[in-house]
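Report on the following structure.
Please treat every number below as a calculation from the coordinates, not as lab data. Fair warning: this is a prediction, and the values are worked out from it, not measured in the lab. Here the Cβ is made from the backbone with ideal geometry for all residues, glycine too, and neighbour counts use every protein chain on show.
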Amino acid sequence: MGILEVLGGRGLIAQITHEDELRDHLADGVRTAYTGYDPTADSLHVGHLITIMALRRWQKAGHRIAVVMGGGTGIVGDPTGKTEMRKMLTGEQIEINIGRQVAQIGKLVNLTDPQKGIVVNNADWLAKLQYLPFLQDIGRHFSVNRMLTAESVKQRLEKGLTFLEFNYMLLQSYDFLHLYRTEKVTVQLGGDDQWSNMLGGVELVRRLEAEKAFCVTLPLLTTSDGRKMGKTEGGAVWLDPQKTTPFDFFQYWRNIDDDMVIKCLNYLTEVQESEVSALAKLEGSEINGAKIRLAFEVTKLVHGEEEAQKAKDTAASLFAGGGAPLDIPQLYVGRADFKDGMDVGSFLVLAGIAASKKEVMRLIEQGGLHFNDKKVDTIKDSVGLKAVEEGLLIRRGKKHYYRVLFSDESTFRGV
């Protein structure tokens with residue numbers, strides 16, 4: 001089965017250019033596809049998993065991949081989906097972010113064999129561009145009128161789009177041209193919100209090189225009502241286990257909306273299509289079995305099978321009312337910082353579970369705070385020394401569990 005059939009069979013093709021020509025192109029030899037990642041954070045999040053899994057499938061189909069880290073474009077900032085300009089990062093922070101993101105991607109695709117996959121940083125070529133020659137050689141091929149019709153631009157015009165960000169489409173298009181010239185990259189994969197930017201690269205390669213170039217966009221990871229997935233009350237769901245623990249990661253997928261389960265099994269796992277079809281027939285409470293399978297498979301891919309099994313066992317222990325949890329994230333408070341009988345609000349802020357007493361009050365009002373399976377009714381409730389000595393089990397909301405213990409050092413907020 002060809003790679004387009006693989007992607008299409010799992011619902012992973014949103015839009016595609018020159019489809020028949022691309023099929024012939026792929027059947028005629030090993031082809032290199034690329035996807036870019038802007039290093040604006042020190043970790044990728046679950047929204048990036050669709051493109052990473054597309055690269056994984058591309059590679060498994062016998063083709064080659066190029067992972068492009070946006071050390072250059074990251075300085076500019078992609079305006080797509082943003083209501084305001086991104087915060088500018090230092091060169092040092094960008095390098096740190098690149099290193100951590102590449103390590104995460106490298107768990108899912110082969111980036112050690114150059115015949116199968118490579119990593120490049122577009123700062124290596126974008127930083128060398130001279131402005132006037134770039135305008136003359138590249139800028140003249142782009143119509144401002146057409147650029148203004150791009151969704152990423154239209155959404156920002158009302159609040160203001162900087163000229164710096166307006167250049168992003170040109171730079172991304174130039175990436176494709178450079179990658180074609182240096183690595184014979186002929187296909188770009190990306191989220192469907194990147195369609196306009198990706199078309200610019202395809203047209204640039206075809207116009208200046210008179211060679212074949214294509215793009216394939218993938219569906220965005222959104223809920224049935226159009227909201228982007230990957231957000232919780234605590235923020236983004238990260239791939240970094242220090243930012244989102246494997247247990248919380250597992251629980252995120254375990255608790256997604258029923259109508260997203262089959263899509264995510266297709267998009268983000270390697271469960272065979274026949275099995276996904278069988279899981280799609282489950283109804284009512286039986287759908288929980290499909291959710292557990294999804295949570296296990298995605299957690300296994302990102303964090304490894306051992307962590308996935310720990311998270312699964314811990315969840316089963318918690319929600320089945322069984323014995324002690326196996327792998328709840330642990331937080332520590334310093335003995336010197338704790339006072340016997342401390343009020344709940346002060347304690348949760350000390351432990352790093354809440355940012356403020358106001359946040360604690362909101363949790364309590366919503367009925368979303370439990371200590372050792374007992375609902376907390378007022379912020380004035382006290383926390384005793386013995387409870388923390390034994391390891392206090394705290395549940396915040398429906399999904400987030402913590403075990404709070406003493407440390408002989410100053411309070412350490414972390415897992």
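Miscellaneous remarks
- 3J(HN,Hα) couplings calculated from phi for the stretch 376-381 with the Karplus curve 6.51 cos²θ - 1.76 cosθ + 1.60 (θ = phi - 60°) are, in sequence order, 8, 9, 8, 5, 7, 3 Hz; Gly and Pro show x.
- The Lys398 and Lys339 beta-carbon pair, evaluated with R₀ = 30 Å, returns a calculated FRET efficiency of approximately 0.50.
- Simple point charges give the picture: +1 on the Cβ of Lys and Arg, -1 on the Cβ of Asp and Glu, and for the stretch 330-407 a dipole about the Cα centre of about 280 debye.
- Here's the picture: charge each Lys and Arg Cβ at +1 and each Asp and Glu Cβ at -1 in the chain, and of Phe347, Gly191, Leu218 the one pushed furthest to the positive end of that dipole is Phe347.
- Calculated FRET value between Asp258 and Leu132, using beta carbons and R₀ = 51 Å, to 0.05: 0.35
- Using the empirical formula 2.2 N^0.38 Å as the baseline, the Cα radius of gyration of the chain reaches a ratio of 1.11.
- Using the average count of surrounding beta-carbon atoms within 10 Å as a protection proxy, the listed peptides 330-342, 197-209, 46-58, 304-316 rank, highest first, as 46-58, 197-209, 304-316, 330-342.
- Theoretical ellipticity at 222 nm over the chain - DSSP helices of four or more residues, -39500 (n - 2.57) apiece, nearest 500: -12500 deg cm²/dmol
- q = 0.12, 0.20 Å⁻¹, the stretch 330-407: log10 I(q)/I(0) [Debye, one scatterer per Cα]: -0.27, -0.79
- Set Lys310/Lys386; Lys375/Lys398; Lys60/Lys184; Lys228/Lys398 screened for pairs whose C-alpha atoms are more than 22 Å apart: Lys310/Lys386
- Computed from phi, the 3J(HN,Hα) profile of the stretch 8-25 under the Karplus parametrisation 6.51, -1.76, 1.60 (θ = phi - 60°) reads x, x, 9, x, 9, 10, 8, 9, 8, 9, 6, 4, 5, 5, 5, 4, 5, 4 Hz, with x in place of Gly and Pro.
- Of all DSSP beta bridges in the chain, antiparallel share, percent nearest 5: 45 percent
- Between the amide H of Cys215 and those of Thr17, Gln188, distances stay under 5 Å, these residues lying 5 or more places away or on another chain, with hydrogens modeled in the peptide plane.
- Rule-of-thumb Rg ratio for the stretch 1-65 [Cα; 2.2 N^0.38 Å; N residues]: 1.21
- Stretch gain in nm, segment Glu273-Asp42, where the contour uses 0.36 nm per residue and the Cα spacing is subtracted: 79.8 nm
- For the chain, the relative contact order comes to 15 percent (Cα pairs under 8 Å, sequence separation of at least 6).
- Ranked by how many other beta carbons lie within 10 Å on average, peptides 375-382, 252-259 from highest: 252-259, 375-382
- Shape of the stretch 245-319, Cα gyration tensor, a/c cut at 1.5: oblate
- Taking Cα centre as origin and charging only the Cβ of basic (Lys, Arg, +1) and acidic (Asp, Glu, -1) residues, the dipole magnitude of the chain rounds to 440 debye.
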